[in-house]
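Notes for the one structure printed next.
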Amino acid sequence: MAAKPSTIDEIDTPAAVIDLDRAMANIARAQAQADAAGVRLRPHIKTHKLPFFALKQIAAGAAGITCQKIGEAEVMADAGVTDIFLPYNILGKAKLARLLALHRRVTLSVTADSETTVDGLAQTFTDPARPLKVLVECDTGAARCGVQTPEEAVALAKRIDAAPGLSFGGLMTYPAPGRADEAERRLTATRDALLAAGLSCETVSSGGTPDMWRKPQGNVVTEYRPGTYVYMDRYQVAKGAATLDDCAATVLATVVSKPTPTRAILDAGSKALTSDTLGLPEYAELIEEPGAKVVGLSEEHGKVELPAGSKINVGDRVRVLPDHICPVINLYDQVYLVSGDRVVDVLPVAARGKLT
């Protein structure tokens, strides 16, 4: 194994580089925002996938963490995280067996949006002395998973409540960006329907970095689950949730060709960046060159459109800010933590590739 580089200049490219000072500032700022709003913060680890940052988030005041897949949660439990939320429909004997084993190790909660999911959980979790907490997922406008009406939520909550090895834990949603007010109105109506049916609603969990700086309306949301905020990215800057100075994660790349004055080619293509633009017209931009945009990706080449008069040349090393950082980090075996130009540590991305 190669020796740890001492400075950014010694890092081979392409590489995922994390500005530790910026990431820690983002963690502190988000926790302060949640505290001021009176909600629990339960960060989603899908962005960093690192026990290092999960434990930093908990030390800063987070109530626990959110993982999307059991494999991610297993990695975090192995690292000492003790309170984990899996907002995902868990189906199938193999996954349910792993979920039960995880439940015996940590404080665990999950979501469901169908009778099929609830029935599978109920057949697996049968101990009334240590029930599994299950939240009902609500579609509040994002058109992904979730029950569609308060009446469906009440019916599913009753089914959870009737299962000896399950306990109804409340509601969960992922709101559509920019539509948090709508989500909170729908959640309020659903919570009130549950209360009218005699079901308490301990937790109402919402999430999403783009809207995390707004103050929740009313008192319905009790918990917030942002993920991208730890690193931020070009999409968050476009949405007004961050500035370029808040962005902690970039891909360090080398210019390997400059066929024309306005076109450069990087050694970072779709296997080092991501084609997920979240609706933005380009894939990424170069930090060192305002106006330089990554406009095309093949497997090993990133095509950059340069502004007129650009001084970027073959052999230059540049920092690339992707539109969406979460899938980018999942492409790398390791990340380089830096402070200024100094490499602080090299960490394996322990939960990368945990798709089950």
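The values are calculated or read from the model by the stated rules, or taken from the named source; none is laboratory data. On a predicted model such as this, the values are computed, not experimentally measured, just so you know. Cβ sites come from the backbone with ideal geometry, for glycine too, and all protein chains shown count toward neighbours. Only protein heavy atoms, including side chains, enter the accessible area calculation; ligands, DNA and RNA are left aside. Shrake-Rupley method; radii C 1.70, N 1.55, O 1.52, S 1.80 Å.
Which residues, taken from the stretch 306-334, are touching a helix residue (DSSP H, G or I) at 6+ places or on another chain (Cβ under 7 Å) and of a type in the set (A, V, I, L, M)? Break it down stepwise before answering.
Of the stretch 306-334, the ones touching a helix residue (DSSP H, G or I) at 6+ places or on another chain (Cβ under 7 Å) are 321-326.
Those that are touching a helix residue (DSSP H, G or I) at 6+ places or on another chain (Cβ under 7 Å) and of a type in the set (A, V, I, L, M): L321, I325.
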(request) Go through the stretch 196-254 and give me each residue that's under 30 Å from P150 (Cα atoms) and among the β-branched types (V, I, T). (result) T203, V204, T209, V220, V221, T222, T228
(message) Which count do you get for residues in the stretch 127-144 that are loosely packed, with under 13 Cβ neighbours inside 10 Å and over 20 Å from S200 (Cα atoms)?
(response) 3
(message) Any residue that is over 21 Å from L278 (Cβ atoms) and more than 21 Å from the chain's Cα centre (by Cα) - is there at least one of those in the stretch 318-332?
(response) yes
(request) Being part of a loop (DSSP other than H, G, I, E, B) and closer than 17 Å to L86 by Cβ is the filter; apply it to the stretch 151-177 and report the residue that is nearest to the chain's Cα centre (by Cα). (result) Y174
(request) Answer yes or no: is there a residue in the stretch 276-294 that is open to solvent by 30 Å² or more (accessible area, probe 1.4 Å), in contact with a Leu (Cβ under 7 Å, 6 or more places away or on another chain), β-branched (V, I, T) and closer than 16 Å to L252 by Cβ. (result) yes
(message) Return the residues of the stretch 201-221 that are open to solvent by 20 Å² or more (accessible area, probe 1.4 Å), at pLDDT 95 or above and either outside any loop (DSSP other than H, G, I, E, B) or not hydrophobic (A, V, I, L, M, F, W, C) (or both); say none if nothing qualifies.
(response) E202
(message) List pairs: first residue in the stretch 78-99 and in contact (Cβ under 8 Å) with a residue 24 or more places away in the chain, second residue charged (D, E, K, R) and surrounded by 15 or more Cβ atoms within 10 Å (Cβ to Cβ) anywhere in the structure, Cβ distance under 7 angstrom, at least six positions apart or on different chains.
(response) F85/R42; P87/E137; N89/D113
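Open to solvent by 60 Å² or more (accessible area, probe 1.4 Å) and of a type outside the set (D, E): which single residue out of V335, V320, V314 fits that description?
Details: V335 fails: open to solvent by 60 Å² or more (accessible area, probe 1.4 Å); V320 fails: open to solvent by 60 Å² or more (accessible area, probe 1.4 Å).
Exactly one residue qualifies, and that residue is V314.
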(message) Give me the residue from the stretch 28-75 that is assigned to a strand (DSSP E or B) and over 26 Å from L91 (Cα atoms) and, out of that set, least open to solvent (accessible area, probe 1.4 Å).
(response) L41
(message) Filter the stretch 234-275 down to the residues that are open to solvent by less than 60 Å² (accessible area, probe 1.4 Å), in contact with an Asp or Glu (Cβ under 7 Å, 6 or more places away or on another chain) and among the β-branched types (V, I, T) and list them by number.
(response) T254, V255
